[in-house]
Amino acid sequence: MQKSTSRLAALSGLLTAELLGSALAFVLAFAFFFYLARVVFGQPTVALDEQAFAVADGWRAAAPGLTPVVSFITFFGSLKFFLPASLIAPYWMRRGGYGRPALALFLAMGGGWALNELLKAWFQRPRPTSALLFQLGLSFPSGHAMMSTAFYGCLAWLLAREYGRWGWAAALLVWAGLIGLTRVYLHVHYFTDVLAGFAGGVGWLLLLRAGLRLFFQSKDRRQASSWPE
């Protein structure tokens, strides 16, 4: 009994440290997001966005065959991909016995989408007029960047934290970053939109993970207290 109590105490200390770290990262992510919002809307500047478009245009001029590749990559951050993926992936994870990771992924996508729509409605930034393809909706923050961070970031966290698959986790984060940058290449988002999408996605994911950790920790303690000694 004493040994079990010691283990629970050690686990509680570890979770507390993890939650504190997540809280700090959450504050930093949303501080960066609102800094971008202040720069874009409070003190308008277009230098960074224009420079990013110029770099993207240089790539496109130097390698015209890059555009189909970019269009392929950007699909994996679109609603057409995420809508079925956000239902099918958690379903198969739950059937495979990974109920908690499945719930985390489902909530990451559902809550991330709702938050992104609320932020877009609040800031009301129009899309760039130089877009290479037609896109509905508003511009700030980028939905592709934010939802890719939520989806692939959640998978990366699960792979690294639960299963030690750090290589796969890093690859997923790079993939999410590439998806966000394709939006600048295609001129459907400003670079500041994409940066804000990354920051918002990280902030939401950290908040969700902290909330789920507290919820499951409390649930496990209640179950443990109900077990016979």
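Residues are listed down the side, and each one gets a yes or a no for (1) part of a helix (DSSP H, G or I); (2) surrounded by fewer than 23 Cβ atoms within 10 Å (Cβ to Cβ); (3) free of Cβ contacts under 8 Å to residues at least 24 places away in the same chain; (4) hydrophobic (A, V, I, L, M, F, W, C):
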{"position": "A145", "(1), (2), (3), (4)": "yes, no, no, yes"}
{"position": "A156", "(1), (2), (3), (4)": "yes, no, yes, yes"}
{"position": "R161", "(1), (2), (3), (4)": "yes, yes, yes, no"}
{"position": "A171", "(1), (2), (3), (4)": "yes, yes, yes, yes"}
{"position": "L178", "(1), (2), (3), (4)": "yes, yes, no, yes"}
{"position": "T182", "(1), (2), (3), (4)": "yes, no, no, no"}
{"position": "V194", "(1), (2), (3), (4)": "yes, no, no, yes"}
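I'm trying to understand the selection: among the residues of segment 177-204, which are out of contact with any His (no Cβ under 8 Å at 6 or more places or on another chain) and over 14 Å from P141 (Cβ atoms)?
G177, L178, L181, Y185, L186, H187
Only residues that are over 19 Å from R209 (Cα atoms) and small (G, A, S): list them for segment 65-109, please.
G65, S71, G77, S78, A85, G96, G97
Has segment 96-111 got at least one residue that is in contact with a Pro (Cβ under 9 Å, 6 or more places away or on another chain), within 14 Å of Y190 (Cβ to Cβ) and not β-branched (V, I, T)?
Scanning segment 96-111 turns up no residue that is in contact with a Pro (Cβ under 9 Å, 6 or more places away or on another chain), within 14 Å of Y190 (Cβ to Cβ) and not β-branched (V, I, T).
Only one of A131, A54 is under 21 Å from F191 (Cβ atoms) and either touching a helix residue (DSSP H, G or I) at 6+ places or on another chain (Cβ under 8 Å) or part of a helix (DSSP H, G or I) (or both). Can you tell me which?
Just a single option satisfies the conditions, and that option is A54.
Do we find that Y152 is buried (at least 18 other Cβ atoms within 10 Å of the Cβ), over 21 Å from A108 (Cα atoms), modelled with pLDDT of 85 or more and of a type outside the set (V, I, T) in this structure?
no
If F75 satisfies every condition in (1) within 21 Å of V188 (Cβ to Cβ); (2) surrounded by 18 or more Cβ atoms within 10 Å (Cβ to Cβ); (3) touching a helix residue (DSSP H, G or I) at 6+ places or on another chain (Cβ under 8 Å) but one, which is the exception?
(2)
Suppose the filter is modelled with pLDDT of 90 or more, over 18 Å from the mean Cα position of the chain (by Cα), in a helix (DSSP H, G or I) and of a type outside the set (S, T, Y); does I88 pass it?
Spelling it out, I88 is indeed modelled with pLDDT of 90 or more, over 18 Å from the mean Cα position of the chain (by Cα), in a helix (DSSP H, G or I) and of a type outside the set (S, T, Y).
The values are calculated or read from the model by the stated rules, or taken from the named source; none is laboratory data. Just so it is clear, the structure is predicted and the values come from calculations on it, not from any experiment. So basically every Cβ, Gly included, is an ideal-geometry build from the backbone, and we count neighbours across all protein chains shown.
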